Amino acid sequence: QVQLVESGGGLVQPGGSLRLSCAASGSFFSINSMGWYRQAPGKQRELVATVSSGGTTNYADSVKGRFTISRNNAKNTVYLQMNSLKPDDTAVYYCNADIWFQGGSRWNNYWGQGTQVTVSS
């Protein structure tokens with residue numbers, strides 16, 4: 001069984017910063033891509049950023065220059081540093097990972113439970 005546990009969400013004023021963390025736990029062989037997605041009320045879930053096992057990153061245009069994704073492979077953890085936050089960044093942020101099990105035949109996709117980020121004065 002694999003769990004992705006997020007932390008670091010909360011309430012912040014516009015222009016402020018937050019750092020999200022997501023740790024993968026359980027018994028697995030390796031993790032490929034890890035990423036963050038978000039879903040605002042009444043909207044579809046959307047990509048925020050991803051990072052490959054080799055460190056290649058990808059960002060949504062709306063967060064480029066403000067958010068930074070990184071990972072610690074030894075800790076099976078992905079981070080999202082969010083700076084210059086705007087009210088439009090308010091959403092539930094979900095961690096996502098592609099995981100390979102020992103003896104498996106394909107990558108398996110997992111989601112965290114989500115953490116609320118609210119940007120408001």
>> Springs between alpha-carbon pairs under 10 angstrom, Gaussian network model over the chain: which of Pro14, Pro87, Pro41 fluctuates most?
In response: Pro41
> Percent of accessible area on the chain owned by carbon and sulfur, 1.4 Å probe?
Replying inline: 45
>> Please enumerate, by chain and number, the lysines with C-alpha under 30 Å from the C-alpha of Lys43, excluding those fewer than 8 residues away in the same chain.
In response: Lys64, Lys86
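The values are calculated or read from the model by the stated rules, or taken from the named source; none is laboratory data. Model, not experiment: these values are computed from the prediction. The area values use the complete protein model at the heavy-atom level, side chains included, leaving out ligands, DNA and RNA. Shrake-Rupley method; radii C 1.70, N 1.55, O 1.52, S 1.80 Å.
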